[in-house]
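> Sharing a structure here in structure tokens format.
The values are calculated or read from the model by the stated rules, or taken from the named source; none is laboratory data. Computed from a predicted structure; not experimentally measured. Glycine gets a Cβ as well: all are built from the backbone with ideal geometry, and neighbour counts include every protein chain shown. When the accessible area is computed, the model is the full protein with side chains, heavy atoms only, and any ligands, DNA or RNA have been set aside. Shrake-Rupley method; radii C 1.70, N 1.55, O 1.52, S 1.80 Å.
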Amino acid sequence: MLIYQTEKPLGEILIEHGAIQPHDLRFALDSRGMGGERIGQILLDLGYIRELDLIRAIAAQIGAEYMTLKDFPESPPVFARLDLKYLKHHKFIPLFYEEGKIRVAVADPFNCDYLDDVARVLGVTYDVIVASEEDILEAVERCYGSGATTMEKIISSFSDEELSFLGKDELEDVDHLRDMASEAPVIQLVNLFISRAVELGASDIHIEPQERDLRVRCRVDGILQDLETPPKRLHPAIVSRVKIMAELNIAERRLPQDGRARVRASGREIDLRISIVPSQFGESAVLRILDHSATLIGLEELGFPDRDLEAFKKAIKRPNGILMVTGPTGSGKTTTLYSALALINSPDLKIITVEDPIEFHLPGITQIQVKPEIGLSFAAGLRSIVRQDPDVIMIGEIRDLETAEIAVQSALTGHLVLSTVHTNDAPSTITRLVDMGVEPYLISSCLNLAMAQRLVRTICPHCKRKTVVTAEALEEAGISNPSGQQSFEVYEGAGCKQCRNKGYSGRVAIFELMVVSPELKNLMLRKSASSELRNAALRAGMRTLRDDGWSKVLQGITTLDEVVRTTQQEDLDWENAQ
């Protein structure tokens, strides 16, 4: 049961909001009959306030949020155990579901003991949001009524025969499964996952079978969150549908498969990069979302510190050499390289890229999609485009010695080469290339710049508030404090409806940029360890990922916790290297 600490009477709050005057309140109080009518309803009946004024005042009185229908999510979670009649009777609807907690819009927050039963049945905890009765009933009808295209309605459209077939432990009838995966209910179910993920701005969808249930999650701003999940027995049909979209073999369940698909979701063309792998309880599928309608970000908007931005611009305007961007999957490396190409793209330069996949279409640039199944690998594509007389070459990723050697030779013969590699910091780029088999003297001759980057979540501007970071917290985070200050005034997100109570909205990059100096070249030739290369880069003025992150904390862009979370692997790697 919710117990509200209401410090102020509703009438006083309405006066503070400017909704009524004191004499209006006195008249309403005098008009109250013996039935004990609520003062808010009396003011509403008298026409002194609007329903929105009442909702806002009640929300302020109990310390809750208020919402109107236009603020409701387009696809609220729909729970099979909630009945349309029950929702309409109590005038409530769940709007958000995250990590075992629902946030429920109610018309009467002082009479919602029924939510305890709802929470117990669903196995969740709950918070309330105040909304008008009219808005709630319209949303209930839209999500649970005859006009809904919800998961519950989709599941209910399966026939008993189909559900019985899907309930078998082993599905040997591949043709029947293919037929089911091509029918409307399964197609609608998969499209629902994709649409909701796109609406949330997700980068990936994960379909993961567990022992007794099915888990569907999407990654938003680098963090996984649950989506509404269908019954486990629908898993074979869902994965088969995903395979059909990617033109994969639905009969093959023992080996990993990769493919691509293009769909339309939320009014946009979306490319999907699909990976299927066998797991203990069935096939796990991950759908990487590539939104071609997304706007390409300029270099100045990526989050570069001024000094690093100038160094990066200088490096990409050189006529030859290699520029490497490093970091884990999903750290924004390709976006940075696209922004660099957009900056230098001009009629007097021939720019060719070899990518897997092509994430942005850049006008005036020749882009080649890798197709390993027909022999068009990074190395094969690179060998061909060198004969196309390019000025600038972008390689989506250097994965092997053959690709690395062709990239080095291209740089040494007058081409500017931009590429990515998977390492955890900028100095490790050198050791990674050496580990692949590239000779150190070749690396020292052509590598101009190596840069590591990560993406950190930015503080939600709608619920941003001041907080304090102590010198002790800074020391624990491994960040230097040359000023000797004992505390720093920074910002954090309190959590609100715009950021779905996360406190964060969007991401920005943090960088570790290493310009190859003469000292670094000498260390490369001596095959020095990564720790020596790193120390030399720091002496030359390189700022670490964590230091750049701290500067963004001081600017009010992100939080110290987020910087530590994103860069903690870097610390572990260097501890192990010592």
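> List, in order, the whole-Hz ³J(HN,Hα) value for each residue of the range 13-27 obtained from phi through the Karplus relation with A = 6.51, B = -1.76, C = 1.60 and θ = phi - 60°; use x for Gly and Pro.
Values, residue by residue: 5, 5, 5, 4, 6, x, 7, 9, 9, x, 5, 5, 5, 4, 5 Hz.
> Round to a whole number: what % of the accessible area of the chain belongs to carbon and sulfur, probe 1.4 Å?
On the way: 13030 of 27560 Å².
Answer for the chain is 47 percent, counting heavy atoms of protein chains only.
> Need one value: the accessible area of residue 29 in square angstrom, 1.4 angstrom probe, rounded to the nearest 10.
80
> OK, next. Hey, can you grab everything whose amide H is under 5 Å from the amide H of residue 129? Only 5+ residues off in sequence or another chain; H modelled, so Pro and N-termini drop out.
Counting only residues 5 or more places away or on other chains, the set is 104, 105, 106.
> Taking a probe of 1.4 Å, how large is the accessible area per residue of the range 181-337, in Å²?
Per-residue accessible area for the range 181-337 comes out at 44 Å².
> Sequence gap at least 6, Cα distance under 8 Å: using those rules, report the relative contact order of the range 211-311 to the nearest whole percent.
15
> Shifting gears a bit: Using the Cα centre of the chain as the reference point, and only Cβ charges (+1 on K/R, -1 on D/E), how large is the resulting charge dipole? Debye, rounded to the nearest 20.
So the dipole magnitude of the chain works out to roughly 1200 debye.
> Count the DSSP beta bridges whose two residues both fall in the chain, then state the antiparallel fraction as a percent rounded to the nearest 5. Could the numbers behind the result be given before it?
Working: 57 of 88 bridges.
The antiparallel fraction comes to roughly 65 percent.
> Follow-up question, since we're still on this one. Hey, could you pull the Cα Rg and Dmax for the chain, both in Å?
28.7, 94
> Using the Cα centre of the chain as origin and beta-carbon charges of +1 (Lys, Arg) and -1 (Asp, Glu), tell me which of 428, 239, 504 is placed farthest towards the positive end of the dipole.
428
> OK, next. In whole Hz and in residue order, list the ³J(HN,Hα) couplings for the range 397-407 that follow from phi through the Karplus curve 6.51 cos²θ - 1.76 cosθ + 1.60, θ = phi - 60°; x for Gly and Pro.
6, 8, 10, 8, 5, 4, 5, 4, 5, 5, 4
> Please identify the cysteines of the chain that lack any partner cysteine with a Cβ under 4.7 Å from their own Cβ.
Result for the chain is 112, 143, 218, 446, no neighbouring Cys Cβ within the cutoff.
> Per-residue ellipticity at 222 nm for the chain, helices alone: DSSP H runs ≥ 4 residues times -39500 (n - 2.57), over residue total, nearest 500 deg cm²/dmol?
About -11500 deg cm²/dmol.
> So what does residue 144 come to for accessible area, using a 1.4 Å probe and Å² rounded to 10?
30
> What are the ³J(HN,Hα) couplings of the range 296-310, residue after residue, when phi is run through the Karplus curve with 6.51, -1.76, 1.60 and θ = phi - 60°? Round to Hz, x for glycine and proline.
5, 8, x, 4, 5, 8, 6, x, 4, x, 4, 5, 5, 4, 5
> Another question, then. Which pairs, out of 464/497; 85/502; 101/552; 8/502, put more than 22 Å between their alpha-carbon atoms?
85/502; 101/552; 8/502
> Can you work out the PRE-style zone for residue 470? Point 7 Å along Cα to Cβ, and I want the residues of the range 488-513 with backbone N under 16 Å.
Zone members listed by number: 488-490.
> Can you sort 326, 68 by 1.4 Å-probe accessible area, starting with the largest?
Greatest to least solvent exposure: 68, 326.
> Still on this structure: Just in the range 76-145: which trypsin sites (Lys or Arg not before Pro) are loop by DSSP and have at most 11 other Cβ atoms within 10 Å?
Counting only loop positions with at most 11 other Cβ atoms within 10 Å, the trypsin sites (Lys or Arg not before Pro) in the range 76-145 are 81.
> For the chain, build the charge dipole from Cβ charges (+1 Lys, Arg; -1 Asp, Glu) around the Cα centre, then report which of 278, 52, 419 sits farthest towards its positive end.
Final value for the positive-end residue is 419.
> Check residue 215: other-chain or 5+ apart residues with amide H under 5 Å from its amide H, H built from backbone geometry?
The list, which skips near neighbours in sequence, is 208, 210.
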